[in-house]
1. What helices in the chain pass both tests, a Cα length along the helix axis of 30 Å or more and a mean Kyte hydropathy of 1.6 or higher, using whole DSSP H runs?
2. Percent of alpha carbon pairs in the range 172-273 separated by more than 24 Å?
3. Hey, got the Cα dimensions of the chain along the principal axes, in Å, largest first?
4. Along the three principal axes, how long is the range 222-273 when you take its alpha carbons, biggest first, rounded to the nearest angstrom?
5. Taking all pairs of different Cα atoms in the range 40-92, averaging 1/r and flipping that mean, what Kirkwood radius in angstroms comes out?
6. Only Lys, Arg, Asp and Glu count, each charged at its Cβ (+1, +1, -1, -1), so figure out the dipole size of the chain about its Cα centre, rounded to 20 debye.
7. How high is the relative contact order of the chain, given as a whole-number percent (alpha carbon pairs under 8 Å, six or more residues apart)?
Amino acid sequence: MSTREFQGLGAAHVTTSARRWQPSGLKEVDEELAVETPVAFVYNGVPFAVMLATPLDLEDFALGFSLTEGVIAAPEEFQGIEIVPEQGGFTAYVSVPKARSAALGRRQRAFAGRTGCGLCGEQMLEEVLRPVPEVRGGGPFRADALQAAEASLAAAQQLNAITGAVHAAAWADAAGRVHVLREDVGRHNALDKLIGALVRSGADRHGGFVVVTSRASYEMVHKTAVAGLPLLAAVSAPTALAVRVAEDSGVTLVGFTRQGRHTVYANPGRLVA
């Protein structure tokens, strides 16, 4: 198996030999596989979590993860970061206010997370169902803008075009034009990376919406709300808990966003025909 570099710190995909069965017979081929590698988050020297992720845009990932997981309350508390390649992965050493790192011991996650699984190993149920802020403003958005954004995702997914194995989270403006897109083997990771990128760029988050190439789980809606993003459109279905959290937080939740259709599950007022 050989390694090829992609945008980011490490190799995002590798080449491996495989046998492809097809009607014309057996064929030896080279296949591109998406990389997933452990990324450890350490705050002021305190280990907090290990996620399996694609080694792209790790600074965006660290900032988005820190915000949406409640490690920090505001972007300015993200005081610095150093990403260190380790044997078999990466460690993100993040500097935050001392009070924030001191609180981590009460909700520390001792796990090697499954790919993009933000709830794995959570030690207390109340930490899973954390309160969500109310999202106000944003929109209105035209229904055809959702369709335009979804239709443009495939062309913008460079890594998925190579491997066919990664999710994307994208931010589109009110006209449905995609401005920022992040990819990862984990759907939660892709969204955290997108949120980190939006915060770092100072984008007007109320002026657009998020489109993701996955289902809308509880945590996807929660992260959207924490970031103050008004609308989440997923290509697949939401869960019942996701709809409840969307209703409570004011996030407009849309599922089955595909060519010529979508279904609005919560807070439809931001969408116009």
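FYI, it's all coordinate maths here, none of it is from the lab. What you see is a predicted model; the values in this text were computed from it and never measured. We place every Cβ from the backbone using ideal geometry, glycine too, and count neighbours over all the protein chains shown.
1. Taking the DSSP H segments of the chain (at least 30 Å long, mean hydropathy at least 1.6), we get none.
2. For the range 172-273, the share of Cα pairs beyond 24 Å comes to 13 percent.
3. Extents along the principal axes, in whole Å: 55, 50, 32.
4. Here the Cα extents, ordered largest to smallest, are 29, 22, 16 Å.
5. It is 11.5 Å.
6. 540
7. This gives 17 percent for the chain.
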